[in-house]
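Chemist: Below is one structure. I have some questions about it.
Here, each number is a calculation from the coordinates, and none is a lab measurement. These numbers were taken from a predicted model, which means no experiment stands behind them. Virtual Cβ from ideal backbone geometry, glycine too; neighbours counted across all protein chains shown.
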Amino acid sequence: MAKRASQMSAVGAVRLLRGYFRRNGYVRRRDDARWRSQGSDLYKKGDEVRLVAGSRAELARIRQLLVAAGFKPGSPFRKANQYRQPIYGREAVASFLAMVGAGRR
């Protein structure tokens, strides 16, 4: 029987999250020039990682893994026939990318 994320080690969670990210995850970065010119009142975008899930069950699994690895998952949303699980914040994004072994992607 597979271990639940709450019982899984952080190392196991990292391994699985790395697979999800490499499969079809992506990074959105803040446009610093636009942020400087428009200010934070008009331009509210920030850095984020998005992991893509094909089902609600997979989304729940990704969320459990993120918590097991020490991350605070943002609110998921639907896009097309998939779910997106964001991780927000410059520090969280840098930490996640270092954890999964992805450089500045």
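Chemist: Cα to Cα, under 14 Å, and not fewer than 8 places away if on the same chain: which aspartates and glutamates meet these conditions relative to Lys44?
Modeler: Correct list for Lys44: Asp31, Asp32.
Chemist: Continuing with this model, one more query. Tell me, what HN-Hα J-couplings in whole Hz come from the Karplus equation 6.51 cos²θ - 1.76 cosθ + 1.60 at θ = phi - 60° for each residue of segment 61-71, using x for Gly and Pro?
Modeler: Values per residue, Gly and Pro as x: 5, 4, 4, 5, 5, 4, 5, 4, 8, x, 9 Hz.
Chemist: Quick check: residue separation of Arg23 and Val11 times 0.36 nm, minus the Cα distance between them. What number comes out in nm?
Modeler: Length gained between Arg23 and Val11: 2.5 nm.
Chemist: Mean residue ellipticity at 222 nm from the helices of the chain, using -39,500 (n - 2.57) per DSSP H segment of n ≥ 4 over the full residue count, to the nearest 500 deg cm²/dmol?
Modeler: Calculated at 222 nm, the ellipticity per residue is -15000 deg cm²/dmol.
Chemist: Additional query: Given Cα positions, please report Rg to Rh for the chain, the hydrodynamic radius being the Kirkwood one.
Modeler: Taking Rh as the inverse mean 1/r over Cα pairs, Rg/Rh reads 1.01.
Chemist: Moving on. Full-extension gain between Ala80 and Ala102, please, as 0.36 nm times their residue separation minus the C-alpha to C-alpha distance.
Modeler: 5.3 nm
Chemist: Kindly express, to the nearest 10 degrees and within the range 0 to 90, the angle between helix 90-100's C-alpha long axis and the longest C-alpha principal axis of the chain.
Modeler: The answer is roughly 40 degrees.
Chemist: Taking Cα atoms, how many degrees apart are the long axis of helix 32-42 and the longest axis of the chain, rounded to 10 and kept between 0 and 90?
Modeler: Approximately 90 degrees, to the nearest ten.
Chemist: Taking the Cβ of Asn81 as the center, what net charge do the other residues with Cβ under 14 Å away carry, scoring Lys and Arg +1 and Asp and Glu -1?
Modeler: Net charge in that neighbourhood comes out at +3.
Chemist: Can you give me the relative contact order of the chain as a percent, contacts being Cα pairs under 8 Å and 6 or more apart?
Modeler: Result for the chain is 31 percent.
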